[in-house]
Ligand SMILES: C[S@@+](CC[C@H](N)C(=O)[O-])C[C@H]1O[C@@H](n2cnc3c(N)ncnc32)[C@H](O)[C@@H]1O
């Protein structure tokens, strides 16, 4: 078995090409994308949250896995990045919000989520508790980049270590660490 035959989602290549033009360098990898597509397909009528739209590469995977009756909110504070996603995904069940994710999480009063892909500082290294509070029981929370990456800033390993310890000490979740892709942690709320 190998990962060479992953079929890319619709618009992935176009978004990748647009991303390269603006030198966007933070996409999740293809394995995480494929995993997100599968996880998104597990929740019919699901309510999904992505923290860190970027240019829409991970979003393309999630949308491809989602059923028509699911909906997704994706937040990024960079309109330059998010406008690329907006160019390709104009659908009534997809809300692309340009805002600070920490502020948005603290102010959010809507229904809880069935799947959260936390791919920005907020939701992972800030407002972790508040983000996990937004997850339904049985809901899925996924984070990547938990294994050392070339683009990590100095001393980021300490942030990751602290985050993993915080997650491992919680009694309201079940957690699996996956040393695959960029290092994933898959969590479900008990
Ligand atoms: C790792 S990238 C997201 C990549 C995207 N999920 C993908 O796989 O293609 C992180 C994103 O978080 C955004 N970001 C950073 N700080 C943020 C904040 N405080 N609020 C919202 N978005 C933020 C950045 O603009 C960047 O697009």
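Annotations
- Using a Förster distance of 22 Å, the FRET efficiency for residue 175-residue 29 (Cβ separation, nearest 0.05): 0.55
- Taken along the Cα-to-beta-carbon direction at a fixed 7 Å, the label points for residue 92 and residue 155 span 5.1 nm.
- Coordinate range along principal axes, alpha carbons of the chain, Å, largest first: 41, 37, 37
- For region 3-189, share of DSSP beta bridges that run antiparallel, in % to the nearest 5: 35
- Approximate shape of region 40-100 as ellipsoid semi-axes (Cα gyration tensor, √5λ), whole Å, largest first: 19, 11, 9
- Its relative contact order, with pairs defined as Cα atoms under 8 Å and 6+ residues apart, puts the chain at 18 percent.
Every number here is computed from the coordinates shown, using simple stated rules; none is lab data. None of these values were measured; they are calculated from a predicted model. Counting neighbours? That spans all protein chains shown, and the Cβs are built from the backbone with ideal geometry, glycine included.
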